[in-house]
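*Asks:* First the structure, then my questions, so here it is.
The values are calculated or read from the model by the stated rules, or taken from the named source; none is laboratory data. It should be emphasised that the depicted structure is a prediction, and the values quoted were computed from it without experimental measurement. Quick reminder, even Gly has a Cβ in these numbers, built from the backbone with ideal geometry, and neighbours come from all protein chains shown.
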Amino acid sequence: AKAAQGLVQRLVQNGPQLLGAAVTYAKPRLATFWFYAKVELAPPTPAEIPRAIDSMKGLVRAFQSGRLAQLTVKDALRNGLVATEVLMWFYIGEIIGKGGLIGYNV
């Protein structure tokens, strides 16, 4: 109990200093995060939609012609990770939309 009391006293005494250090540490990292979040998490613009459709058509043509068999392992892994990320965002959106992990309220 005495050790806990001493810890609380040190925390109260050094709290503002620790908080200031945490803010100083976090500010540039949060600025970088928000910079990339504004770009990466924004919905597509109307100009980007036709490019995405053309990209999907190119992927279908590559699959049909067998060009996907010529991918390097690194490229295939990268493509798999991107597809997994998109799928996980879909699942997270579903979980948020239905308000739980299991089932819908009907």
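*Asks:* Looking only at segment 63-84, decide whether some residue is on the phi > 0 side of the Ramachandran plot and free of Cβ contacts under 8 Å to residues at least 40 places away in the same chain. Outline the logic, then answer.
*Replies:* Restricting attention to segment 63-84, the residues satisfying the condition of being on the phi > 0 side of the Ramachandran plot are 66.
Filter once more, so that each one left must be free of Cβ contacts under 8 Å to residues at least 40 places away in the same chain: 66.
Scanning segment 63-84 turns up at least one residue that is on the phi > 0 side of the Ramachandran plot and free of Cβ contacts under 8 Å to residues at least 40 places away in the same chain.
To keep it simple, each residue is scored yes or no on (1) closer than 30 Å to Glu85 by Cβ; (2) free of Cβ contacts under 8 Å to residues at least 40 places away in the same chain; (3) surrounded by 10 or more Cβ atoms within 10 Å (Cβ to Cβ).
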{"residue": "Ala3", "(1), (2), (3)": "no, yes, no"}
{"residue": "Val8", "(1), (2), (3)": "no, yes, yes"}
{"residue": "Leu11", "(1), (2), (3)": "no, yes, yes"}
{"residue": "Ala21", "(1), (2), (3)": "no, yes, yes"}
{"residue": "Pro43", "(1), (2), (3)": "yes, yes, no"}
{"residue": "Gly58", "(1), (2), (3)": "yes, yes, yes"}
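*Asks:* I would also like to ask the following. How about segment 64-73: which of its residues are within 20 Å of Glu85 (Cβ to Cβ) and either surrounded by 10 or more Cβ atoms within 10 Å (Cβ to Cβ) or not assigned by the TED database to the domain that holds Trp89 (or both)?
*Replies:* Of everything in segment 64-73, those that are within 20 Å of Glu85 (Cβ to Cβ) and either surrounded by 10 or more Cβ atoms within 10 Å (Cβ to Cβ) or not assigned by the TED database to the domain that holds Trp89 (or both) turn out to be Leu68, Leu71.
*Asks:* Answer yes or no as to whether Ala47 is surrounded by fewer than 10 Cβ atoms within 10 Å (Cβ to Cβ), hydrophobic (A, V, I, L, M, F, W, C), under 25 Å from Asn79 (Cα atoms) and within 26 Å of the chain's Cα centre (by Cα). Show your work before the answer.
*Replies:* Details: surrounded by fewer than 10 Cβ atoms within 10 Å (Cβ to Cβ): yes; hydrophobic (A, V, I, L, M, F, W, C): yes; under 25 Å from Asn79 (Cα atoms): yes; within 26 Å of the chain's Cα centre (by Cα): yes.
Yes.
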